[in-house]
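Below: the structure, in structure tokens.
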Amino acid sequence: MSVQYYEGIGRRKASTARVRIMSGSGLFQVNDKEGEQYFTRLGDLDDIFAPFSAAGQDRGQYDITVIVKGGGVTGQTDAVQLGMARALVKMNPDWVPAMRKGGYLTRDPRVKERKKPGLKGARKAPTYTKR
């Protein structure tokens, strides 16, 4: 018998996270590591689990496995948060208004701007000289 799980994919900047939520005992794994070991920055875990509090759920009732690739710490944290919110909405569509109100279902579209020819960076121009 296969285990029933709900999957959500989140992206931010160069990061992609695949989040799977299933009923269980509160296990949280990221890339086969304990979640607390993977996200060591202060407040990151609170941000990641914010969709659970918005839905009024106790995360201790669920086992969560995450596969996250690319980007840096902030991008990965936000990607996991979005994937978590999407998986929770698949679990129970009644939570959509609460997730929308918290802003957890909105993908952040900001990415690094490309460098343009004739400029030093994306926007910085060479110093103007009159003579």
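Each reported figure results from applying straightforward, stated rules to the coordinates on display, with no laboratory input. Just so you know, these numbers come straight off a predicted model, no measurement behind them. Glycine also receives a Cβ, built like all others from the backbone with ideal geometry; neighbour counts cover every protein chain displayed.
Quick notes on this one:
- Cα long-axis angle, helix 73-91 against the chain (0 to 90 degrees, to the nearest 10): 40 degrees
- Computed E for residue 29/residue 101 - FRET, C-beta separation, R0 41 angstrom, nearest 0.05: 0.90
- The Cα trace of the range 88-128 gives Rg and Dmax of 19.7, 58 Å, the first to one decimal, the second as a whole number.
- Size of the range 43-131 as Cα extents on the principal axes (Å, biggest first): 70, 25, 21
- Cα gyration tensor of the range 1-97 - equivalent ellipsoid semi-axes, whole Å, descending: 19, 15, 13
- Here the relative contact order of the chain, from alpha carbon pairs under 8 Å that lie six or more residues apart, stands at 33 percent.
- Per-residue ellipticity at 222 nm, computed for the chain from helices alone with -39500 (n - 2.57) per DSSP H run of at least four residues, works out to -8500 deg cm²/dmol.
- Build a GNM of the chain with springs between Cα atoms under 10 Å apart, and of 29, 57, 81 the one that fluctuates most is 57.
- Under 18 Å from residue 90, Cα to Cα: lysines that are on another chain or at least 8 residues apart: 101
- Protection-proxy order for peptides 94-105, 109-120, each taking the mean of Cβ atoms within 10 Å per residue, highest first: 94-105, 109-120
- Quick note on the range 1-56: its Rg to Rh ratio, both from C-alpha atoms and Rh being the Kirkwood radius, is 0.96.
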